[in-house]
1. Does segment 110-133 contain any residue that is touching an Asp or Glu at 6+ places or on another chain (Cβ under 9 Å), under 28 Å from Ile46 (Cβ atoms) and not acidic (Asp, Glu)?
2. Suppose we keep only residues that are under 12 Å from the mean Cα position of the chain (by Cα) and surrounded by fewer than 20 Cβ atoms within 10 Å (Cβ to Cβ) within segment 137-170. Which one would you say is nearest to Arg95 (Cα to Cα)?
3. Looking only at segment 7-58, which residues are part of a helix (DSSP H, G or I) and under 18 Å from the mean Cα position of the chain (by Cα)?
4. So how many residues does segment 70-116 have that are touching a Pro at 6+ places or on another chain (Cβ under 9 Å), in the same structural domain as Asn44 (by TED's automatic domain parsing) and not acidic (Asp, Glu)?
5. Of Ile120, Ile106, which residue is over 13 Å from the mean Cα position of the chain (by Cα) and closer than 24 Å to Leu8 by Cα?
6. Considering segment 68-86 alone, what residues qualify as being among the hydrophobic types (A, V, I, L, M, F, W, C) and within 13 Å of the chain's Cα centre (by Cα)?
Amino acid sequence: MSVGISLLRAVNLASHNRIKMEELRALHESLGLREVQTYVQSGNVIFRTGERDLLRLSRRIENAIERKFGFRPDVIIRTTSDLRNVIAQNPFASRRGIDPSKLLVIFLATDPSPEAREKILSIKADPEELRIDGRELYIYFPNGLARPKLSAALIEKTLKIPGTGRNWNTVRKLLEMAEKLEASK
């Protein structure tokens, strides 16, 4: 069995799309996922699975959430190996003074087309910086995320692909949890 991480988009934001983490764990377990753990309230779930088709698994989770909670968030799944790669490919890793709470990784559902990549990279959003690697966007917000020029809506509209963001501290913690679960075979 491999370890997967499901990242739910737009849950538990203010009073919208509320899911208690114990209910989210139970829902994942009801789908045959094992050793299910959650991290913070924003819809991060780590689990063991025998499923090889992660796109099909994400659709199953989306369908189950819709049936149980009455709304359908996008669910993006990555493996432990995927998260290791996200950390290894961080284009800001060698730069001094980067505040990890201001570095956001947006996990995309699919690879953007070359045209979409070109469009997103052409957006002028100084002082914010955007880099793209595969299915991940790395955005550094030196002034914080309170009033970004690069909004999630603008990114999704430009790429035409759903995605969900996690700050660098969360990405590292999710990898730590996934590696610990992987090692406990």
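The values are calculated or read from the model by the stated rules, or taken from the named source; none is laboratory data. None of the values given here were measured: they were computed from a predicted structure. Positions of Cβ are backbone-derived with ideal geometry, glycine not excepted, and every protein chain shown enters the neighbour counts.
1. no
2. First, pick out the residues of segment 137-170 that are under 12 Å from the mean Cα position of the chain (by Cα): 137-138, 162-168, 170.
The next check asks that each one be surrounded by fewer than 20 Cβ atoms within 10 Å (Cβ to Cβ); those that pass are 162, 165, 167, 170.
Details: Pro162: 29, Gly165: 21, Asn167: 17, Thr170: 19 Å.
Out of the qualifying residues, it is Asn167.
3. Step one: list which residues in segment 7-58 are part of a helix (DSSP H, G or I), which gives 21-30, 54-58.
Met21, Leu24, Arg25, His28, Leu54, Leu55, Arg56, Leu57, Ser58, listed by residue number.
4. So the count comes out to 1.
5. On the way: Ile106 fails: over 13 Å from the mean Cα position of the chain (by Cα).
The unique qualifying residue is Ile120.
6. First, pick out the residues of segment 68-86 that are among the hydrophobic types (A, V, I, L, M, F, W, C): 69, 71, 75-77, 83, 86.
Within segment 68-86, Val75, Ile76, Ile77, Leu83, Val86 qualify.
Table: residues versus (1) crowded, with 19+ Cβ neighbours inside 10 Å; (2) touching a residue at least 12 places away in the same chain (Cβ under 8 Å).
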site	(1), (2)
Tyr39	no, yes
Gly43	yes, yes
Asp53	no, no
Arg56	no, no
Glu62	no, yes
Phe69	no, yes
Arg72	no, no
Ile77	yes, yes
